[in-house]
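The values are calculated or read from the model by the stated rules, or taken from the named source; none is laboratory data. Computed from a predicted model, the values in this text were never measured in an experiment. Accessible surface is based on the protein model in full, side chains and every heavy atom, while ligands, DNA and RNA are left aside. Shrake-Rupley method; radii C 1.70, N 1.55, O 1.52, S 1.80 Å.
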Amino acid sequence: APQLTAATVESVEIVLAAAAATLWGLGDFFGGRATRTLSPVAVTFAGQLVSLVPIGVLMLVLGDPAPGGRDWMWGLLAGVLGFVGMVLLYYSLGAGSMTVVAPLTGVLSAFVPMVAGIALGERPSAMSLAGVAVALTGITLVTGAIGKPHQPTPKLVIATAITCGVLIGLSLVCLDRTSDGSGLWPVFTMRFTSVLLGAVAVAVMRPAGLSWRKPPQVAFLAGLSDITANMLFLWATRTGLLSLVSVIASLYPASTIVLAMRFGHERITRSQALGMVAVGVALVLVTLGR
């Protein structure tokens, strides 16, 4: 019975990370669609602003005590990196093929925390590391790096997607560095910081399409999906290893791709389909290797 209980507790991180991946994928699709008609800055700011409300209400209900200065610092840094990363991500998703951009950012946003986790002393099992290798290979296939995608993506968009993947990965590392007793304060700090940055960017750039009389509802859906995923990711890293949780969470391109194929009429090649299967196998290996 004790072993069953321990196994159940350990599996929580996998469920949380998988849920975060699903929501991140949904948010990326909504955000990418919104940038087809709105500025990436406007979409990011609108989504960040509306998502600040539910996290604030939830914190009032939970009553988490205010953390120390170290947690504030990591949350603030995560907010800066996350905001810039999200602006670049939405631009890339709107300007290029979602079936290429989403997996590319996914592999990098997983690789950065994985390397950080190992550098900080985490030691995943051999099977889990094999799962990581399969996941990275699978996502590489999905990006079209091997083979020719149906819809070519400009080099500028590829470079932007790479940059935003690194920034998002670093923001996740910052969230993981917060203390276990800080509750949801790091996520709130992260979001509040990004809202301030967004307000400054909107005031300076005055992006087209942002109207308070007709708010961008799709951008709001993107923001709500993103903030919920961030909370689940934070919970998952406090339950398990950053190096493994980040890989599972990096599977978020799957839901983005499915939605892009269903509603965006995008297609995938045979190699990209093989990559998606490899990503699923990687999830199984990481799960069994715990």
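The phi torsions of the stretch 184-201, fed into the Karplus equation with coefficients 6.51, -1.76 and 1.60 and a -60° offset, translate into couplings of 8, 4, x, 5, 5, 4, 4, 6, 5, 4, 5, 5, 4, 4, x, 5, 5, 4 Hz, rounded to whole numbers, with Gly and Pro shown as x. Oblate is the label for the stretch 40-177, because the ratio a/c of its alpha-carbon gyration tensor axes (a ≥ b ≥ c) is 1.5 or higher and a/b is not greater than b/c. If you bin all the Cα-Cα distances of the stretch 4-102 at 10 Å, starting from zero, the percentages per bin are 13, 31, 34, 18, 3, 0. Residues whose amide H falls under 5 Å from that of residue 269, counting only those 5 or more places apart or on a different chain, are 150, with hydrogens built in the peptide plane.
Can you give the relative contact order of the stretch 1-136 as a percent, counting alpha carbon pairs under 8 Å and 6+ residues apart?
In percent, rounded to a whole number, it is 35.
Solvent exposure of the stretch 1-109, expressed per residue, is 40 Å² of accessible area, with all protein chains present and a 1.4 angstrom probe. Applying the Karplus relation 6.51 cos²θ - 1.76 cosθ + 1.60 with θ = phi - 60° to the stretch 58-74 yields 3J(HN,Hα) values of 4, 5, 5, 5, 6, x, 5, x, 5, x, x, x, 4, 5, 4, 5, 5 Hz, where x marks Gly and Pro.
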